[in-house]
1. Against the condition surrounded by 15 or more Cβ atoms within 10 Å (Cβ to Cβ) and either at pLDDT below 95 or closer than 30 Å to residue 159 by Cβ (or both), how does residue 126 come out, does it pass?
2. Where residues in segment 68-81 are over 19 Å from the mean Cα position of the chain (by Cα) and free of Cβ contacts under 8 Å to residues at least 60 places away in the same chain, which of them is nearest to residue 123 (Cα to Cα)?
3. Just give me the residues in segment 1-20 being exposed (fewer than 13 other Cβ atoms within 10 Å of the Cβ) and touching a residue at least 60 places away in the same chain (Cβ under 8 Å), in sequence order.
4. Any residue at all in segment 21-30 that's buried (at least 20 other Cβ atoms within 10 Å of the Cβ) and under 15 Å from residue 173 (Cα atoms)?
5. Exactly one of these conditions fails for residue 88: (1) under 27 Å from residue 28 (Cα atoms); (2) surrounded by 20 or more Cβ atoms within 10 Å (Cβ to Cβ); (3) without any contact (Cβ under 8 Å) to a residue 24 or more places away in the chain. Give me its number.
6. Considering only residues that are touching a residue at least 60 places away in the same chain (Cβ under 8 Å) and part of a loop (DSSP other than H, G, I, E, B), which ones fall in segment 108-137?
């Protein structure tokens, strides 16, 4: 296959998947974020690998701005504090790197954004369990690999099992949420 064919095929597939996305659950999630921020809560975000970077990106859009000047929205990516992550992993195990941080800073009424394309990452699932036990709303972002994310209160699931396309869709959804919040 030529580079031109590969690129054209990839973009065509991405475009068709994006066209097939629904906005219904995205609106529900945006409204939950609005309730959280209006009551003085914050959003905590976690994920592994590319999802860790997506968590950081989304938090940055909330704290900074997306398109308009507005007051900052409280958001913390649990993926960015190297000292905390490595200390927790060393002392409590990698599966607890996010849950321990939630114990420290999560409060009833906050939201945990749990990003896992598979929906099976043990540290993300532990974070969701701790968050729910602490009174946080859990919002899952997964791929079609994940069936019913019964560990979450709200669940956005992409319409593909192709990780790169799931990540592209998630970024669009995160931006759509920011647009709705602004």
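The values are calculated or read from the model by the stated rules, or taken from the named source; none is laboratory data. Given the structure is predicted, the values throughout are model-derived calculations rather than measurements. No Cβ is skipped: glycine too gets one built from the backbone with ideal geometry, and neighbour counts run over all protein chains shown.
1. It is true that residue 126 is surrounded by 15 or more Cβ atoms within 10 Å (Cβ to Cβ) and either at pLDDT below 95 or closer than 30 Å to residue 159 by Cβ (or both).
2. For segment 68-81, the residue satisfying everything is 71.
3. Scanning segment 1-20 gives a single hit, 20.
4. Yes: one or more hits.
5. (1)
6. 109, 110, 116, 117, 121, 136
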